[in-house]
Amino acid sequence: MTTPQTDDQVRSAVQERYASAARLALVDESASCCGGSSCCEEASKVQAIDPITSGNYDEDDTPFTAALAASLGCGNPTALAELCPGEDVLDLGSGGGLDVLLSARRIAPSGVAYGLDMTPEMLELAERHRVEAGIENARFMLGSIEQVPLPDQSVDVVISNCVINLSPDKDAVLREAHRVLRPHGRFAVSDIVLLREIPAELRSVMALWTGCISGSLLDSDYVAKLEGAGFVDASVEVTKLYDSEALTEMADQLDPSHLPDGFSLADAVQTLDGAFASAFIRATKPGTDA
């Protein structure tokens, strides 16, 4: 029987998953390692979400090859945000730094792109990518997306890529996004959303949670939480719906013993078929804080 996880357990599991991915990339940017090693075991876990992470960027417009290879997102928020020179941008959960580097290039020379991540290994990887890319207007910070280490009204745009769904306190994340945005600032993220509810038993499966499924909000709840945080014009646009074929690819990487009693991998695929999608989520901070 799988038991519910505490917030701290969720955070620890998410952090370890992405720390493992970063350690692998730091050792070898080609993401190759010897068979049977622990790094290969961790790599196979990350590859389990390939149907979500693949095909999100136009490679002709993404010159940062190493950062692209390390991306574990579910969309391209830098395209969604329509960034302009001189704007300041914050990426919540910046990982290997791809979206920060793409943002920095678009807002140069006077804009600054900040990347926030709770995983030191990811920050090390992102800084390596920044140096290799020769980007000067990017800054990476260690911290929590529930407690952003920036002052009020310090950025024009908040982006994120398949990270907010992993937080056990999404209300805090959205309040912080609202706080650090300047008036008329834009919230523009790629994330996983549920299109219908899934069984509570599947929400407690840690492997699914860290794989961007069971921590996700219903699309309508996402909009409601944004409005509750003070945003206006909130919307969700589905960009990729996951069918049984994609889910089977992910299910093959799951340990059946981690599933709730009475659930087989086939049952999980059938239950989740069409239940979730990648989406663009947009909102705006009003012109005043009233």
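Please treat every number below as a calculation from the coordinates, not as lab data. As the structure is a computational prediction, the values presented were derived from the model and not from experiment. In this analysis, Cβ positions are derived from the backbone assuming ideal geometry, glycine residues included, and neighbour counts consider all displayed protein chains.
Some values worked out for this structure:
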quantity	calculated
3J(HN,Hα) from dihedral phi, the range 255-271, Karplus parametrisation 6.51/-1.76/1.60, rounded to Hz, x for glycine, proline	7, x, 5, 7, 7, x, 4, x, 9, 9, 4, 5, 4, 5, 4, 4, 5
Order of Met118, Met141 under a 10 Å beta carbon neighbour criterion, fewest first	Met141, Met118
Amide proton proximity set for Leu218, modelled H, under 5 Å, gap of 5+	Leu194
Coordinate range along principal axes, alpha carbons of the range 106-253, Å, largest first	46, 36, 25
Note, ³J(HN,Hα) from phi for the range 149-161, Karplus 6.51, -1.76, 1.60, rounded to Hz, x at Gly and Pro	x, 9, x, 4, 6, 10, 9, 8, 9, 10, 10, 6, 9
3J(HN,Hα) from dihedral phi, the range 99-106, Karplus parametrisation 6.51/-1.76/1.60, rounded to Hz, x for glycine, proline	5, 5, 5, 5, 5, 4, 5, 7
Cβ crowding within 10 Å averaged over residues, with 95-106, 224-235 ranked highest first	95-106, 224-235
